[in-house]
Amino acid sequence: MKYDVLYQGAFALLKVKLDRGESVKAEMGAMVSMSPTVEVTGTVDGGIMRGLGRMLSGEKFFFQELNAARGAGEVLLAPASLGDVQAVELDGSYKLLVQKDGFLAGTSGIEVKTQMQNLSRGLLSGEGFFIVEISGHGTVFLSSYGAIHAINLGPGEEVVVDNGHLVAWPSYMQYTIEKASKGWLGSLTSGEGLVCRFRGEGVVLIQSRNPKGFGDWVKRLIPGR
């Protein structure tokens, strides 16, 4: 299967070319256009319980599966938000942890499920109790709000990331949730609150914009508030 990310940046579009019999799994509603040789169907992927888990986390119950059943074809996919799309290759040796709304599509052989964080991480992280856990062999296409930037950490190196700017990180990386400042007052008055501290080796993908920050900005413009 061949793919290309068009218009990278704020308005990325994913083009996937499928040979006859090949398929790609995508977030519900991601399809922009497809060849007449391609069939689209809804799938729960993993059963009812996984679907319910996705609903509890704020994700959609169904995925869409696009299958080139009647011959080779092309599919265009796009995320719901303004932002970039990036491909990540998985070889089965680790799982990719993704913030909710970060999964756009994946090739066959990729499994997607919702993972509940432990209590301390869930209560303290801006992403809530759930994250998306992606495993298997194949290609994963991630979407972001804004541009995607990779932070490469060597062994023992650390980086602190605002929770609202996280996109994805490998499961083998160590991370903790902390206050942005030493005290709670400093954390709250700085506007940062809580952050994630990652320790390498590994790559952390972040997004250049924060959806919550944008939402707060829009609310200030609404008359009568």
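The values are calculated or read from the model by the stated rules, or taken from the named source; none is laboratory data. Source: prediction; values computed, not measured. Positions of Cβ are generated from backbone atoms using ideal geometry, with glycine treated the same way; all protein chains shown enter the neighbour counts.
Selection of first residues in region 202-213 that are modelled with pLDDT under 95 and of second residues that are surrounded by 15 or more Cβ atoms within 10 Å (Cβ to Cβ) and of a type in the set (Asp, Glu), restricted to Cβ pairs under 7 Å at least 6 apart or on distinct chains, gives the following pairs, ordered by first then second residue: Asn210/Asp162.
Take region 94-115 and flag every residue that is assigned to a strand (DSSP E or B) and among the hydroxyl-bearing types (Ser, Thr, Tyr).
First, pick out the residues of region 94-115 that are assigned to a strand (DSSP E or B): 96-98, 103-107, 110-115.
Hits for region 94-115 are Thr107, Thr114.
Of all residues in region 135-159, those satisfying the criterion of being hydrophobic (A, V, I, L, M, F, W, C) and under 18 Å from the mean Cα position of the chain (by Cα) are Val140, Phe141, Leu142, Ala147, Ile148, Ala150, Ile151.
Residues are listed down the side, and each one gets a yes or a no for (1) closer than 27 Å to Val5 by Cα; (2) at pLDDT below 95; (3) crowded, with 18+ Cβ neighbours inside 10 Å:
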position	(1), (2), (3)
Val140	yes, no, yes
Ser143	yes, no, yes
His149	yes, no, no
Val159	no, no, no
Asn163	yes, yes, yes
Ala168	yes, no, yes
Gln174	no, yes, no
Gly183	no, yes, no
